[in-house]
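Just so you know, all these numbers are worked out from the coordinates, no wet-lab data involved. Remember, predicted model here, so these are calculated numbers, not experimental data. We place every Cβ from the backbone using ideal geometry, glycine too, and count neighbours over all the protein chains shown.
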Amino acid sequence: MKDDIMYSKTKTLSRRQFLFTTGLVFTGMLLPPFRPIWAAQPAAKSTGEFGELNATDPGGIDLYLEHKDLLIGGKPGRAIAINGSIPGPVIRMQEGKEALIRVHNRLDESSSIHWHGILLPFNMDGVPGISFPGIPAGETFTYRYPIRQNGTYWYHSHTGLQEQLGHYGQLIVEPAEADPVGYDVEHSIVLSDWTFENPHSVLRKLKTMEGYYNFQRPTLANIDDQMKATGMSLSEVLGKRLAWDRMRMDPTDIADITGATYTYLMNGKAAHENPTFIAKPGQRVRLRIVNASTMTFYDVRIPGLPMTVVQADGQNIKPVETDEFRIGVAETYDVIVTLPDSRAYTLFAETMDRSGYARGTLAPRQGMPAELPEQRRRPMLTMADMGMMMHGEMEDMDGEGHEGMNQVMPSHASGDGQLPTTNLIGRIKHGPDQHGPASITMAQTAYRRLDYPGAGLGDDGWRVLTYSQLRVLEEPPDRRPPTRQFDLHLTGNMHKYIWGFDGKKWSQSDMIRFQYGERLRINMINDTMMSHPIHLHGMWMDLYAGAEHYGDNPRKHTVNVQPSELLTVDISADAPGQWAFHCHLLYHMEAGMFRTVAVVRSLEGGLINVKS
């Protein structure tokens, strides 16, 4: 589909044409207003009208994928609907049972569904070219797999850019035993982003012009605003801008795609449509929040109402009370809130770059208004985001018991064969490998940022959730110390819009091999100025969050790696087959930030023959 470009040609009108045109105009004044063709048809269905299905009920469920004209934020758009809606239906499952899901592809192209965060046989994972061929147009594929976990998850297409067109929904897996989280009522909250542009056109624009959608860049026109906001003098502001220019960087490069094209949605509804979630005063309300966006990070809060986070990525955690949290693309958080009175409260999801927001209302009944908070100023990246800490900051990190920045992390354990599990090094200096033209920025130093809430957060007195606060409710199985590790650099060239690992796109890279049964460590080093939500299919990532006891560290399926961050995950390679490992920013993945992980019998041998 080509971009929609309106243009006109001017030409000289003859007297006859002039009289004919004037007559049409006069006649039009006497007729009813003209209605476009789409308006003359039966009213299109609005987004956000989705139902609920249970995939572990006898007989299973059916999902139908089809192109559909829907009203998105009140405007007509062409979407990929699942059972007629975006988001698709909430799918419930029961731990200990078997899910049976028939997916009928009524599109004119191949498609797929990936069950994000669900542990299953690799040929049920739904990634075309990795775990199965895809679902051809007009055909049906049956997913069947045992349910070995519980919690809040989601599902989406893993084919091309279909996810951007509405191909996603929420998964809720009910526990087999008593739920440790007590609540009276629950609500599904699906955050997403929508563009009326063709997604392939969006990608082409990003490749053609750096910062195409960034209309918040510093300019001479807004230099006075920056001085007021930062308290800097004119010379200080100019000096800072020159420093960024020398690095060919932009401190406002918080998001590749912004509200310049995006409509931000909560359960398929735009902010002005304001969905309402009903709860009575005194009730414990469980909000199951999924970020099903393609590119948007959200900062979530309920002004005037504290939230208790009880689950992260489907895993129960020790409750943490907070006022706000940043949810990366593909992450999920469950929170408990209690209405203290009979008034309405705003559930506010502000985009990380402050170019827009999604919102809903938590209230005892429909139609109750809630005050809408003001949007905050868009944040600016700092030198710390580029790994350029001041001398004092480095001394502070050394004072925390971390070892020197030039320490090299060995690839294998030494001594007793086990790698350390506490007090891991706090920072490392970038080595001589520049990773080629696919990596235009290299942070001088990568360091742990577990306590950092993210750009634009933490300066207003509110409590903000960070990874350092996450602790599992109960220690999961297999918390052996790892015996092998490797470093993985997250790299990118924003000018050419190339993203990858270790400077290579997926098409240029080899498989990453895990040995079946091993306990493995990956040290992710973000060389870019962007945050990247990294997702591993088929296996959990145990995130090093600084816990004194190794078994308390949280377990996640998606980890957000912030600019210049050194982030460590440990993995039990317990799932034979081939798996996807990628950045969950859809356009980054499409531009190359993707690897195939093969779980093999030995690092020197071939693949394990897995039939189911």
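Observations, loosely collected:
- If a spin label sat at a point 7 angstrom from the Cα of PHE132 along the line to its beta carbon, the backbone N atoms of segment 99-114 nearer than 16 Å would be those of 99-107, 110-114.
- Packing rank of 563-576, 139-152, where each peptide gets the mean count of other beta carbons within 10 Å, highest leading: 563-576, 139-152
- Pairs exceeding 22 Å between alpha-carbon atoms, taken from LYS207/LYS504; LYS75/LYS207; LYS207/LYS505; LYS97/LYS269; LYS45/LYS269; LYS45/LYS280: LYS75/LYS207; LYS97/LYS269; LYS45/LYS280.
- Sum of side-chain charges, VAL90 neighbourhood, beta-carbon under 10 Å (Lys, Arg +1; Asp, Glu -1): +1
- Computed label-point distance, nm, for sites SER507 and GLU66 using a 7 Å Cα→Cβ extension: 3.5 nm
- Relative packing of peptides 198-206, 274-282 - highest average C-beta neighbours within 10 Å first: 198-206, 274-282
- Summary of packing: across the peptides 523-530, 373-380, 341-348, the per-residue average of other C-beta atoms within 10 Å ranks them, highest first, as 523-530, 341-348, 373-380.
- Distance (nanometres) between label positions extended 7 Å along Cα→Cβ at HIS200 and GLN283: 4.6 nm
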